[in-house]
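Q: Here you go, one structure.
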Amino acid sequence: MTQQDAEGGSGDQVTSSGALARVEERLQPGERILWVGRSDPHRMFVDADRYLIPFSAFFTTMVTIGLVGAARSHAHPAGIALLSAFVLIGLHMLAGRFAVKRHRKRTDVYAVTTERALITNGRRTRETDARRTDWYVDRSPGHVTVQWDDVSGLDTLFYGGSAAAQQYANTGLDGLPGARENFALYDVADGDALVAALRQVSGR
């Protein structure tokens, strides 16, 4: 959505106007908005879910069985507490992360300006220089994701390395403490306008 698109209308555009106002609050002197949008909240699954969902279901089932067995055998409270924590982790991997992801999609606003690419929810703002040329586009039917390479130099042997950042990107697990993320605008329906704005400011 361009700035002109957001300035006149009602209905769904009320939300668009709110998104535009949120970005306008963060503009620097002389900076202009080229595009504003959001991640599509109806698009919840990514390729990684093909293995994350079965693994999460298996993990949660196993630790739940272990917890029930430990409770029935009157195991040490520390063991029961540990298994309970694993059950909570499994439930988050199986379902809770989708709630996190849906909330993020409904509250985060994406923008491209003459200076920056922004992600803001009104409290926290992440940004990168929109003149960078190391962005790449992933296209899927009806959606576009644009990512900048912020993690290629990380050690892939540790959690938060570049492999982990790619593996957990846009799954709802990428915001965990210690995780590193590529700067990315995920699942944008208005993808052609987004890419056009980036090409305009980056010169690609």
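The values are calculated or read from the model by the stated rules, or taken from the named source; none is laboratory data. The structure presented is a predicted model; accordingly, all values stated were derived computationally and were not measured. As a convention, Cβ positions derive from the backbone with ideal geometry for all residues, glycine included, and neighbour counts pool all protein chains shown. Accessible surface is based on the protein model in full, side chains and every heavy atom, while ligands, DNA and RNA are left aside. Shrake-Rupley method; radii C 1.70, N 1.55, O 1.52, S 1.80 Å.
Q: Specify the residue that is nearest to the chain's Cα centre (by Cα); the eligible residues are those in region 134-150 that are open to solvent by less than 60 Å² (accessible area, probe 1.4 Å) and hydroxyl-bearing (Ser, Thr, Tyr).
A: Among residues in region 134-150 that are open to solvent by less than 60 Å² (accessible area, probe 1.4 Å) and hydroxyl-bearing (Ser, Thr, Tyr), the one nearest to the chain's Cα centre (by Cα) is Thr145.
Q: Could you check how many residues of region 110-133 are open to solvent by 10 Å² or more (accessible area, probe 1.4 Å) and under 12 Å from Ala184 (Cα atoms)? Step through it out loud before you land on a result.
A: Filtering region 110-133 down to residues open to solvent by 10 Å² or more (accessible area, probe 1.4 Å) leaves 110, 114-116, 119, 121-129, 131-133.
Checking which are under 12 Å from Ala184 (Cα atoms) leaves us with 110, 119, 126-128.
Going through region 110-133 one residue at a time, the tally reaches 5.
Q: I'd like the full set of residues that are more than 22 Å from Asn170 (Cβ to Cβ) and either among the charged types (D, E, K, R) or touching a Gly at 6+ places or on another chain (Cβ under 6 Å) (or both), limited to region 185-204.
A: Within region 185-204, Arg199, Arg204 qualify.
Q: Whether any residue in region 142-157 is polar (S, T, N, Q) and modelled with pLDDT of 75 or more is what I want to check. If you could, list the steps in order and put the result at the bottom.
A: Taking region 142-157 as the starting set, the residues that turn out to be polar (S, T, N, Q) are 145, 147, 152, 156.
Going one step further and asking which of them are modelled with pLDDT of 75 or more, we end up with 145, 147.
Yes, that holds for at least one residue.
Q: Any idea how many residues of region 179-204 are assigned to a loop (DSSP other than H, G, I, E, B), more than 25 Å from Phe45 (Cβ to Cβ) and either open to solvent by less than 20 Å² (accessible area, probe 1.4 Å) or modelled with pLDDT of 95 or more (or both)?
A: So in region 179-204, the residues assigned to a loop (DSSP other than H, G, I, E, B) come out as 179-182, 189-190, 203-204.
Retained after the next criterion (residues that are more than 25 Å from Phe45 (Cβ to Cβ)): 203-204.
Filter once more, keeping what is either open to solvent by less than 20 Å² (accessible area, probe 1.4 Å) or modelled with pLDDT of 95 or more (or both): none.
Residues flagged as assigned to a loop (DSSP other than H, G, I, E, B), more than 25 Å from Phe45 (Cβ to Cβ) and either open to solvent by less than 20 Å² (accessible area, probe 1.4 Å) or modelled with pLDDT of 95 or more (or both) within region 179-204 amount to 0.
Q: Restricting attention to region 64-109, and to residues there that are surrounded by fewer than 14 Cβ atoms within 10 Å (Cβ to Cβ) and β-branched (Val, Ile, Thr), which single residue is farthest from the chain's Cα centre (by Cα)?
A: Among those residues, the one meeting the criterion is Val68.
Q: Taking interchain pairs and intrachain pairs at least six residues apart, which have beta carbon atoms under 7 angstrom, with the first residue in region 72-97 and within 14 Å of Phe58 (Cα to Cα) and the second open to solvent by less than 50 Å² (accessible area, probe 1.4 Å) and of a type in the set (Gly, Ala, Ser)?
A: Once the first residue is within 14 Å of Phe58 (Cα to Cα) and sits in region 72-97, its partners that are open to solvent by less than 50 Å² (accessible area, probe 1.4 Å) and of a type in the set (Gly, Ala, Ser) give Gly90/Ser56; Met93/Ser56; Leu94/Ser56; Leu94/Ala57.
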